[in-house]
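Read the structure below first, then the notes.
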Ligand code: NAD
């Protein structure tokens with residue numbers, strides 16, 4: 001186990017600043033080598049990563065590959081496109097700037113801080129790190145102390161494969177986080193809850209440090225009648241109960257057209273059985289709740305509405321069965337805060353306008369799901385709601401598409417990442433304008449007398 005002493009934080013930052021000043025990270029070949037190094041390190045430690053995730057979340061091996069080690073796809077994507085991303089891009093100039101040329105140069109920010117959550121504790125640290133490396137920064141990483149086994153394995157891998165003057169891990173909880181936040185960074189990338197996001201932004205404001213905040217919220221899932229019911233049921237069951245519902249983009253609650261509600265619920269019941277057997281507690285494919293605190297919070301939600309699927313729980317194992325609840329009121333606590341667990345409330349609507357009004361009465365969600373083949377309905381929902389992202393006729397898969405920027409809006413976050421968006425997040429885009437010497441028109445120089453008509457013409 002490798003831990004970095006909190007008292008060394010100043011040293012680590014100073015060393016990274018010195019390393020950054022050498023200009024080494026600006027070399028694109030160096031960045032590609034480091035991304036390859038990261039990929040190799042992950043492959044080499046695959047087994048330990050899977051074991052750590054199993055110890056923290058009882059995460060099934062397949063889910064660990066799909067949603068955590070699968071971050072390798074992001075590394076490959078960055079390696080493939082990096083040369084193109086780092087090239088200065090020509091910008092157009094208008095006719096009155098005919099003697100000029102304009103370009104945009106991406107440049108690294110410096111030393112960045114990445115703070116991660118516990119639910120996908122490996123991916124949500126490594127994925128932003130890929131962006132930080134690709135853009136040519138030094139990075140300090142603070143994984144979540146709550147997924148402690150994964151935090152240790154990240155610290156071990158990084159210490160073994162990277163110079164701490166380039167990339168370093170600081171392990172620990174709120175104290176470590178706050179000690180880091182007291183320092184000046186060139187960017188802070190935070191993934192976690194909205195309440196802590198506000199603390200991060202307040203700390204960053206002290207130094208005018210830019211932030212990316214990847215936060216949570218209640219992501220609605222609308223189910224219309226114009227669907228393939230069987231596929232819809234499977235995709236919702238998977239997206240809701242993967243990682244025992246502890247997914248920032250899990251469908252938080254269903255908004256179902258009244259005429260299809262009974263069929264949908266019957267189907268969900270069958271599908272939960274098909275996925276996890278008669279007793280999901282015995283399924284090797286079903287995760288556990290991360291901590292007693294979160295278990296207690298979730299069990300309290302079971303008092304709301306009427307449990308129609310699941311509801312069983314075992315405190316000693318931190319197990320909560322895949323659960324669906326009906327007849328919830330909007331005032332119930334389960335509809336007031338992000339659920340972040342395997343509990344799915346079902347709310348019916350008669351007219352889509354009711355579903356849209358409900359969504360718009362709440363803070364803007366990270367994800368919005370719509371199951372419908374009806375193009376007009378798709379258009380209406382896209383136009384009349386706002387969310388970090390939208391996925392139509394599926395759940396959670398938008399996270400895996402590197403060409404789509406991933407992030408929230410309003411309460412669900414600020415900024416985005418994945419693929420080129422990660423590179424942009426960790427870069428400053430420097431505008432460079434160049435004039436030439438072959439001509440020097442005098443229309444902007446004093447004395448101004450007689451020049452106003454020309455200026456007016458140019459502006460017109
Ligand atoms: P959290 O906000 O409690 O913790 C996240 C990180 O912040 C941890 O590393 C923790 O040590 C640190 N932290 C906690 N309290 C702090 C404080 N007072 N000051 C400074 N640092 C502090 O979040 P969590 O419980 O780990 O994760 C769950 C939340 O994260 C959910 O709301 C979920 O929706 C959200 N989330 C968002 C995304 C996304 O991509 N947008 C992904 C995963 C999780």
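At-a-glance table
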| quantity | calculated |
| --- | --- |
| Spin-label model distance (nm) - residue 459 vs residue 350, 7 Å beyond Cα toward Cβ | 5.8 nm |
| Contour minus Cα-Cα distance for residue 375 and residue 81 (0.36 nm per residue) | 102.4 nm |
| Fraction of the pair-distance distribution of the stretch 1-89 above 24 Å, Cα-Cα pairs, percent | 45 percent |
| Relative contact order (%) - the chain, alpha-carbon pairs under 8 angstrom, separation at least six | 18 percent |
| FRET E, pair residue 394, residue 266, Förster distance 22 Å, beta-carbon r, rounded to 0.05 | 0.55 |
| Distance histogram for the stretch 220-407 (every C-alpha pair counted, 5 angstrom bins, percent rounded to whole numbers) | 1, 8, 17, 22, 22, 16, 9, 4, 1, 0 |
| The stretch 68-104-the stretch 23-56 distance, computed between alpha-carbon centres (Å) | 24 Å |
| Percent RCO, i.e. relative contact order, over the stretch 271-334, from Cα pairs under 8 Å lying at least 6 residues apart | 31 percent |
| FRET efficiency, residue 330 to residue 279 (Cβ-Cβ, R0 22 Å, nearest 0.05) | 0.10 |
| Distribution of pairwise C-alpha distances over the stretch 86-185, 5 Å bins, in % | 2, 12, 20, 19, 14, 8, 6, 6, 5, 4, 3, 1, 0 |
| Computed helical MRE - 222 nm, the chain, DSSP H runs ≥ 4 contributing -39500 (n - 2.57), nearest 500 | -12000 deg cm²/dmol |
| Residues residue 205 and residue 360, FRET efficiency given R0 of 30 Å [Cβ-Cβ distance, rounded to 0.05] | 0.55 |
| Cα centroid separation - the stretch 273-336 against the stretch 340-377, whole Å | 21 Å |
| Nearest-ten-degree value, helix 72-86 long axis tilted from longest Cα axis of the chain | 20 degrees |
| Computed lengthening from residue 43 to residue 179, 0.36 nm per intervening residue step minus Cα-Cα distance | 45.8 nm |
| Degrees separating the helix 123-134 axis from the principal Cα axis of the chain, which is the longest one | 10 degrees |
| Semi-axis lengths (Å, descending) of the ellipsoid that matches the C-alpha gyration tensor of the stretch 134-293 | 39, 20, 14 |
| Whole-number percent relative contact order across the stretch 393-460, with pairs defined as alpha carbons under 8 Å at least 6 apart | 16 percent |
| Enclosed volume per residue, in Å³, of the convex hull spanned by Cα atoms of the stretch 2-50 | 83 Å³ |
| 5 Å-binned pair-distance histogram of the stretch 349-460 (Cα, whole percent) | 2, 9, 12, 14, 11, 8, 5, 6, 7, 8, 8, 6, 3, 1, 0 |
| Footprinting exposure proxy for 85, 118 (fewest neighbouring C-beta atoms within 10 Å first) | 85, 118 |
| Crossing angle, helix 261-276 versus the chain [Cα axis fit, 0-90 degrees, rounded to tens] | 90 degrees |
| Cα-based convex hull volume of the chain per residue, rounded to whole Å³ | 182 Å³ |
| Semi-axis lengths, Å, the stretch 29-134, gyration tensor of Cα atoms, sqrt of 5 times eigenvalues | 38, 14, 12 |
| Distance from the stretch 160-229 to the stretch 132-149 (C-alpha centre basis), Å | 10 Å |
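Read-outs throughout are calculated quantities, based only on the coordinates presented, and are distinct from any laboratory measurement. Every value quoted in this text rests on a predicted model; they were computed, and no experiment measured them. Positions of Cβ are generated from backbone atoms using ideal geometry, with glycine treated the same way; all protein chains shown enter the neighbour counts.
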